[in-house]
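These notes are about the structure you will find just below.
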Amino acid sequence: MTNSTATRLQENLPDLQSYWMPFTGNRYFKDHPRMITGASGMYCRTHDGRQLLDAVAGLWCCNAGHCHPKIVEAIQKQAAELDYSMAFQLGHPRAFELANKLTDMAPDGIDYAFFVNSGSEAVDTALKMALAYHRLRGEGQRTRLIGRERGYHGVGFGGISVGGISPNRKMFGALLPGVDHLPHTHDLEHNAFSRGLPQWGAHLADELERIVALHDASTIAAVIVEPIAGSAGVLLPPEGYLERVREICDRHGILLIFDEVICAFGRTGDAFAAGRFGVLPDLITTAKGLTSGTVPMGAVLAKGEIYDTFMTGPEGAIEFFHGYTYSGHPLAAAAGCATLDVYRSEGLFERARALEGTLEDALHSLQDEPNVIDVRNFGLIGAVELTPIDGQPTARAMRIFRECYDNGLIIRTTGDTLAFSPPLIIDEKQIAHMVDTVRKSLRAQR
Ligand code: PXG
């Protein structure tokens, strides 16, 4: 037994050696483990018996709160009834039921759901749908994909190619060919401390016209953007920006994909950001809140016209050569059905909308705290951006993360930005407590 194993056992922890953790400083974590052993509602429990308020809904996913009894029951029941059935050529009722519930909830015109297991798979699936759609319509030369700087679209090769976060790209070589990027929309000079959508920057969408002029519209298949970019630090679309992107895509026959992996399921105070912003994309990628984070699942939602374009060729032939062993997995589908029912029956999207102003006021009260250079918010999403420590980017936000954790609060950091995306069940007292803890942490790290 190694020394560290002995210490861990004393601390009630397993041996930490073999697990290669994702997007984590493995060596730091293994020296300073923060282990979550249970959760309920707004709170998580740690291995050393502490209770933490979860201000990020796991990782933007547990929108109905942790271990919701109705979702837990549905998963347990499904596990005992049908564990798995072949995903290709056979079906099971729960997946069809979920597709119906999901498309009922989606904006009018979005009529089909293709199931996957994660946001990354949803993105790669949507990109492939876009390419195949054009090919089926005799426009196979439309192969170019347009993403955006600082966009996050998961970690598949398609997703990192259209994504615009350089550390996620630079280790992996040339990536997909024929990809271009719009500029991001984050601008502190014009928009610092905006409440809701920033006023400045709709013209940044016109960069798409420049890209179209450069490559010719006939070579471009799709544009993919997050309506609100989450992982890259909560970057909000300027007022009118998404509308303009939609108009330009329409003008040039380019499909528009909204990556709503974090925005969907109440995060913006509506079922989908597309609904809240009144901009209808051709494809929507989702995951996370679809099952409130309980069982991995994602979905690509498509307009009827896209599905119809595929439904040609000989009767009985496969129309789309794509899918996963676990597409529409029974446990995930049962979790999804129960989750969407909970969102509706508990009015959680309306609740998020009603709490938007409370979260906004609470977060903006941090404006004058040490090192705060921006506060921004929309729906139940918030961000506090900090001045980086000279020569040590990300270090200041990490210190605040650790300070908050020690004070009973889980937040998320990205770069030097603190991000907030609480479960939609959060109440006003918990919002106040969350912001007070952040305030204390900012002052302690002055
Ligand atoms: N698209 C978007 C917009 C996302 O936010 C993905 C795709 C990929 O989803 P999967 O399920 O493959 O992880 C995401 C994921 C953060 C953070 O720190 C956000 C995500 C993942 C990890 C961390 O905000 N979003």
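Nothing in this text is a laboratory measurement; each read-out follows from the coordinates by a stated rule. Predicted, not measured: the structure shown is a model, and the values here were computed from it. No Cβ is skipped: glycine too gets one built from the backbone with ideal geometry, and neighbour counts run over all protein chains shown.
Annotation note: chymotrypsin sites (Phe, Trp or Tyr not before Pro) in the stretch 299-364 located in DSSP loop regions with a Cβ neighbour count of at most 14 within 10 Å are Phe321. Let's test the formula: R0 of 22 Å, r as the Cβ-Cβ distance of Ala174 and Leu214. What FRET efficiency results, to the nearest 0.05? The calculated FRET efficiency here is 0.65. Summary: within the chain, the longest segment free of GluC sites (Glu not before Pro) located in DSSP loops with at most 12 other C-beta atoms within 10 Å is 12-314. The calculated FRET efficiency for Gln392 paired with Ala79, based on their beta-carbon distance and R0 = 60 Å, is about 0.80. Inter-label distance, Arg137 to Asp48: 5.8 nm, where each label sits 7 Å from its Cα along the C-beta direction. Label positions at Gln89 and Arg344, each projected 7 Å from the Cα along the C-beta direction, are separated by 3.4 nm. With r defined as the distance between the Cβ atoms of Lys440 and Gln367 and R0 fixed at 22 Å, what FRET efficiency is calculated, to the nearest 0.05? Once the sixth-power term is evaluated, E becomes 0.85.
Modelled this way, with points 7 Å down the Cα-to-C-beta line, the labels at Asp206 and Glu243 are 1.6 nm from one another. Centre-to-centre, using Cα atoms only, the stretch 417-446 and the stretch 65-136 are separated by 33 Å.
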